[in-house]
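Colleague: Below you will find the structure I want to go over with you.
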Amino acid sequence: MTRKGRRLAMIGSAVAVLAVALGLVLFAMRGNVTYFFSPTEIVEKNVQPGARLRVGGLVKEGSVLKEAGQKITFLVTDTTRDLKVTYVGLLPDLFREGQGVVAEGVLDAADRFTATTVLAKHDENYMPREVADSLKKQGHWQGEKPAAQK
Amino acid sequence: MLKYANPTLFMGLAGRLIPWTAALGLGLIGVGLYMSFLGSPADYQQGESVRIMYIHVPSAWMALFIYGVMTSAALGTLVWRHPLADAAQKAAAPLGAAFTFVCLFTGSMWGKPMWGTWWEWDARLTSMLVLFLIYLGLVALWRTIEEPTRAAKAAAVLTLVGVVNIPIIKFSVDWWNTLHQPASVFRMGGPTIHSSLLWPLAVMSLAFTFLFMTMHLMAIRNEILARRVRRLSMEAASRGEAGPRAVVRGATA
């Protein structure tokens, strides 16, 4: 092996070792790296009441209830399980039924979630309104559905 | 191809290339801006805010692409010990930092109206911020070490350490739950952006690439010239004369 080849091999193995080390660290920390949990993950992880966390999923169709003041309740669903979320405050423009949402707050003993922040999550679909309308009309609509159904 | 790795031949080649890449870059940016802001429809959900994407996404791609260029240059420095690779590395770092900043800034501007927040510590946003810090670290490292060959080696090592962040940025949206949406263009099953919105994005990306090439070639030329000035000054100083640096300083004083 030439000197250049040796240097290249040494650099290659150093980067590989580094990548494996970082991969292990991120794998061990995956619970902290993840930005939100789905309602199913919250049940599976057996989250204790009073814990502060973020829940993410879709706003279930027909579940949004606006009450007195700015109080609002809705169900966050991952299509397997739902979680009831209560929130008082302003909602982002993209918030609507069937749309992705991330709520930050506290889980109580009755498995209800009191949110202090509600963020809208945008999906990866970009199209003009006319295209969206004609897709809906023709029944080819793929958007605003959870990844599990695709 | 390899003969242009000779700095003198490179100076000539770059000099001939720069007007073309500059003209292409400026022309495409004109067309691209028109398509982005006037010639394309609004998004069905985001409305006019979608236009931020035409700056944000090409900047993000450039931030990653420039890191790729720097990684090849870092290998050129460490494996082939080539001075042109040193210059290419040094010249790319501030450009990479600038594109990463534009990406973070425009992303934040889009995030407030769409998500409802300027910034969240999700995996995609955080790994992109780490990339920005790596770029700044590289710029600082180049400025800290006076001797160009030593600076090039140190920067090359840091660049190769930082390369592990690149797949993390790309796949963060697939590996973890993130607020940031998954990839829309480079994904399995083809793009999820309608062609009327994809074309402006493609033209802007091409424009950004040519603008980067232009600025990179110009910066490499400057770096080669700065090194020549430095070497001539040192030779002159060892002979006890006033070198080009002193002459230049005298002329501007």
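The values are calculated or read from the model by the stated rules, or taken from the named source; none is laboratory data. Treat the numbers as computed from the prediction; the structure is a model and nothing was measured. Counting neighbours? That spans all protein chains shown, and the Cβs are built from the backbone with ideal geometry, glycine included. In case anyone asks, the SASA skips ligands and DNA or RNA and just uses the protein heavy atoms, side chains included. Shrake-Rupley method; radii C 1.70, N 1.55, O 1.52, S 1.80 Å.
Colleague: Considering only residues that are in contact with a Pro (Cβ under 9 Å, 6 or more places away or on another chain), away from chain A (no Cβ under 12 Å) and crowded, with 19+ Cβ neighbours inside 10 Å, which ones fall in the range B:18-51?
Modeller: Within the range B:18-51, B:Gly32, B:Met35, B:Ser36 meet the criteria.
Colleague: Could you check, for the range B:16-36, whether at least one of its residues is out of contact with any helix residue (DSSP H, G or I) (no Cβ under 7 Å at 6 or more places or on another chain), within 21 Å of B:Arg228 (Cα to Cα) and assigned to a helix (DSSP H, G or I)? Walk me through how you get there before you give the answer.
Modeller: Here is the first cut: in the range B:16-36, the ones out of contact with any helix residue (DSSP H, G or I) (no Cβ under 7 Å at 6 or more places or on another chain) are B:16, B:19-20, B:23, B:26-27, B:30, B:33-34.
Subsequent filtering for residues that are within 21 Å of B:Arg228 (Cα to Cα) retains B:16.
With the extra rule that they be assigned to a helix (DSSP H, G or I), the set shrinks to B:16.
So far as the range B:16-36 goes, yes, one or more of its residues are out of contact with any helix residue (DSSP H, G or I) (no Cβ under 7 Å at 6 or more places or on another chain), within 21 Å of B:Arg228 (Cα to Cα) and assigned to a helix (DSSP H, G or I).
Colleague: Also, I was wondering about something else. Where residues in the range A:102-125 are touching a Ser or Thr at 6+ places or on another chain (Cβ under 6 Å) and facing another protein chain (nearest Cβ under 8 Å), which of them is surrounded by the most Cβ atoms within 10 Å (Cβ to Cβ)?
Modeller: Of the residues in the range A:102-125, the ones touching a Ser or Thr at 6+ places or on another chain (Cβ under 6 Å) are A:104-106, A:114, A:119, A:124-125.
Among the residues that remain, those that are also facing another protein chain (nearest Cβ under 8 Å) are: A:119, A:124-125.
On the way: A:Leu119: 25, A:Glu124: 16, A:Asn125: 18.
The extreme case among them is A:Leu119.
Colleague: Which one of B:Val229, B:Val185, B:Val139 is under 22 Å from the mean Cα position of the chain (by Cα) and closer than 25 Å to B:Ala87 by Cα?
Modeller: Numbers: B:Val229 fails: under 22 Å from the mean Cα position of the chain (by Cα); B:Val185 fails: closer than 25 Å to B:Ala87 by Cα.
Being under 22 Å from the mean Cα position of the chain (by Cα) and closer than 25 Å to B:Ala87 by Cα holds for just one of B:Val229, B:Val185, B:Val139, which is B:Val139.
Colleague: Provide a single number: the residues in the range A:80-124 that are touching a helix residue (DSSP H, G or I) at 6+ places or on another chain (Cβ under 6 Å) and either among the basic types (Lys, Arg) or within 23 Å of B:Ala183 (Cβ to Cβ) (or both).
Modeller: The total comes to 3.
Colleague: Among (1) under 15 Å from the mean Cα position of the chain (by Cα); (2) over 30 Å from B:Arg227 (Cβ atoms); (3) in contact (Cβ under 8 Å) with a residue 60 or more places away in the chain, where does B:Leu104 come up short?
Modeller: Every listed condition holds for B:Leu104 apart from (3).
Colleague: Further, regarding this structure: Looking at (1) open to solvent by less than 40 Å² (accessible area, probe 1.4 Å); (2) of a type in the set (A, V, I, L, M); (3) more than 30 Å from B:Val79 (Cβ to Cβ), can you tell me which one A:Ala28 breaks?
Modeller: If we test A:Ala28 against (1) open to solvent by less than 40 Å² (accessible area, probe 1.4 Å); (2) of a type in the set (A, V, I, L, M); (3) more than 30 Å from B:Val79 (Cβ to Cβ), just (1) comes out false.
Colleague: Identify all residues within the range B:164-204 that are surrounded by fewer than 20 Cβ atoms within 10 Å (Cβ to Cβ), over 19 Å from B:Val130 (Cα atoms) and out of contact with any Asp or Glu (no Cβ under 8 Å at 6 or more places or on another chain); write none if there are none.
Modeller: B:Val185, B:Phe186, B:Met188, B:Gly189, B:Gly190, B:Pro191, B:Ser195, B:Ser196, B:Leu198, B:Trp199, B:Ala202
Colleague: Oh, and also: Are there helices (runs of 4 or more DSSP H) fully within the range B:101-209 with at least 2 residues that are more than 9 Å from every other protein chain (Cβ to nearest Cβ), among the polar types (S, T, N, Q) and farther than 25 Å from A:Arg30 by Cβ? List them. Spell out how you get there, then give the answer.
Modeller: Working: elements: B:123-144, B:148-162, B:165-175.
Output list reads B:148-162.
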